[in-house]
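Trainee: I have a structure here, written as structure tokens, and I will follow up with some questions on it.
The values are calculated or read from the model by the stated rules, or taken from the named source; none is laboratory data. Bear in mind that the values here come from a model prediction, so they are computed numbers and not experimental data. Every residue, glycine among them, receives a Cβ derived from its backbone with ideal geometry; neighbour counts consider all protein chains shown. These area figures cover heavy atoms from the full protein model, side chains too; ligands, DNA and RNA do not enter into them. Shrake-Rupley method; radii C 1.70, N 1.55, O 1.52, S 1.80 Å.
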Amino acid sequence: MHLIQYIDDKGNRAVGVTRDGQTRQLKGVSSVYALVQEALAGVGGLPGAVEAHGLGDPIDKAVLAREGRLLAPIDHPDPAHLHVTGTGLTHLGSAATRDAMHKANGEKPAGELTDSMKMFRMGLENGKPAEGEKGVQPEWFYKGNGHIVVNPGQPIPSPSFALDAGEEPEIAGIYVIDAEGQPRRLGFALGNEFSDHVTERINYLYLAHSKLRACSFGPELRVGDLPRHIEGMSRILRDGEVLWEKPFLSGEDNMSHTIANLEYHHFKYDLFCQPGDVHVHMFGTATLSFADGISTKPDDVFEIEEDQFGLALRNPVQVEEEKPVVIGGLY
């Protein structure tokens, strides 16, 4: 079962449900977040809540995408209560690109590993612990709250001060915290984590700055567990032509950490277990156009697709105008 959010023909928010190859409007509910709250209060989880509402008229997701009416597959009534975070160096092969990036200012002496390679090896050795045991911590980063989320099809803004505007094709885990502070996984979605790789390359300590950028995820929320093997395609279109494309792999068969281990090291913090909050957690990637020497330009289009997740995630990139930073006193 897949869920989408969109704007209907009357300009109102609506929820769509895809099952058995057909998408229909969900009756009587205008947001996935509201549907989740009903599921938490009832029985049968999200499928039970969907059955309780019933399905209405068929809808054409491709038309919604062309008309720019798709929304992120979940949001929060207060965007400050949606958290976007992520982990890196979690996929087999992900270390090579990062290692090369962090050697760009001069090669390490023979036998000396970069911090990225050290972190990656830690994951290989203890990122998939036995059931009931705790594995090694992954690299972790904060991107922002709901204010940085861009709807599918809409332009991703790159700040005027950014040195790069690069895609990162990822899988995002989608979670809501219940009334008892228990994280509840809804499912997974395609994500474009979007980062500034040139800033990161200057110095690894700039990683935090490089991640404070907008992002997009969806368009569809795939309810349930993550497939063990995911093989999609990431591409960049310029003037309607493919500038660059490359397959990306995800799922635990292609990762150095289990999903459970990554989840534990995020939700072990009480800060991230506040009732009612939504979490969108990006699980990392091993595929970047930046690693192949691509530098994006305004109006380039990012396209990330994988058949198991339904519609492709597409977003053009735009560069924002410079904004003055004015600090006012209150004294």
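Trainee: When you go through 120, 141, 188, 161 one by one, which is the residue that is outside any strand (DSSP E or B) and buried (at least 17 other Cβ atoms within 10 Å of the Cβ)?
Mentor: Numbers: 141 fails: outside any strand (DSSP E or B); 188 fails: outside any strand (DSSP E or B); 161 fails: buried (at least 17 other Cβ atoms within 10 Å of the Cβ).
Sole residue among the options that is outside any strand (DSSP E or B) and buried (at least 17 other Cβ atoms within 10 Å of the Cβ): 120.
Trainee: List every residue pair whose Cβ atoms sit under 6 Å apart, with the two residues 6 or more apart in sequence or on different chains, where the first one lies in the range 57-80 and is of a type in the set (Lys, Arg) and the second, anywhere, is at pLDDT 95 or above and open to solvent by 40 Å² or more (accessible area, probe 1.4 Å).
Mentor: Listed by first residue and then by second, the contacts come to 69/7.
Trainee: Condition first: open to solvent by less than 60 Å² (accessible area, probe 1.4 Å) and not in a loop (DSSP other than H, G, I, E, B). Now tell me which residues in the range 56-76 satisfy that.
Mentor: The answer is 56, 61, 62, 63, 64, 65, 70, 71.
Trainee: Got a sec? Which of 133, 180 is open to solvent by 10 Å² or more (accessible area, probe 1.4 Å), assigned to a loop (DSSP other than H, G, I, E, B), among the charged types (D, E, K, R) and modelled with pLDDT under 95?
Mentor: None of the others qualify; the one that does is 133.
Trainee: Select from the range 207-243 the residues that are of a type in the set (Val, Ile, Thr) and under 23 Å from residue 92 (Cβ atoms) and list them in ascending order.
Mentor: Scanning the range 207-243 gives a single hit, 230.
Trainee: Only one residue in 28, 48 is touching a helix residue (DSSP H, G or I) at 6+ places or on another chain (Cβ under 9 Å), part of a loop (DSSP other than H, G, I, E, B) and closer than 23 Å to residue 179 by Cβ, so which one is that?
Mentor: It is 28.
Trainee: Which condition from (1) farther than 20 Å from residue 86 by Cα; (2) open to solvent by 30 Å² or more (accessible area, probe 1.4 Å); (3) at pLDDT 95 or above is the one that residue 312 breaks?
Mentor: Failed condition: (2).
Trainee: Are any residues in the range 286-304 hydroxyl-bearing (Ser, Thr, Tyr) and open to solvent by less than 20 Å² (accessible area, probe 1.4 Å), and if so, which ones? Break it down stepwise before answering.
Mentor: Pass one, the range 286-304, residues hydroxyl-bearing (Ser, Thr, Tyr): 287, 289, 295-296.
Within the range 286-304, 287, 289 qualify.
Trainee: Sticking with this structure for a sec: Could you please tell me which pairs satisfy a Cβ distance under 8 Å, a separation of 6+ or placement on different chains, a first residue in the range 260-283 that is closer than 20 Å to residue 148 by Cα, and a second residue that is among the hydroxyl-bearing types (Ser, Thr, Tyr) and open to solvent by 20 Å² or more (accessible area, probe 1.4 Å)?
Mentor: 278/33
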